[in-house]
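Everything below concerns the one structure shown next.
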Amino acid sequence: MSAADWTSIEVPQDIRLVVADMDGTLLDSMHIWNHLGADLLKQLGHTPRPDLEDRLKVLTLRQGAAYCKEAYGLPQTAEEIVQMLEGRVHDFY
């Protein structure tokens with residue numbers, strides 16, 4: 001469908017909300033997610049281990065925060081780490 005074709009689409013008047021998933025199409029965020037843990041650790045003055053990304057990619061954000069707290073001896077609580085990670089993602093988007 002060309003851009004010109006979109007101007008002729010009739011939209012029902014009772015539509016009140018449209019959800020658009022543009023990640024991966026208009027916005028590529030994979031690099032932020034792939035390096036999120038390592039970037040935060042560097043910011044906190046730690047050197048990420050070479051296997052960090054492999055360890056984190058199978059964990060939830062909270063599990064990854066708990067792992068980093070334990071593995072790197074971070075003074076922050078796991079919840080504080082999650083908030084820091086979410087802040088970085090928020091700033092990206």
Residue that is touching a Leu at 6+ places or on another chain (Cβ under 6 Å) and outside any loop (DSSP other than H, G, I, E, B), where the choices are GLY64, GLY87: GLY64
Extreme residue, nearest to PRO48 (Cα to Cα), among residues of region 62-93 that are among the small types (Gly, Ala, Ser) and open to solvent by less than 50 Å² (accessible area, probe 1.4 Å): ALA71
Members of region 19-58 found to be under 17 Å from ALA78 (Cβ atoms) and open to solvent by less than 100 Å² (accessible area, probe 1.4 Å), listed by number: LEU36, GLY37, LEU40, LEU41, LEU44, HIS46, LEU52, LEU56
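The values are calculated or read from the model by the stated rules, or taken from the named source; none is laboratory data. The shown structure was predicted, so the numbers you read here are calculated from the model rather than taken from an experiment. Quick reminder, even Gly has a Cβ in these numbers, built from the backbone with ideal geometry, and neighbours come from all protein chains shown. Accessible surface is based on the protein model in full, side chains and every heavy atom, while ligands, DNA and RNA are left aside. Shrake-Rupley method; radii C 1.70, N 1.55, O 1.52, S 1.80 Å.
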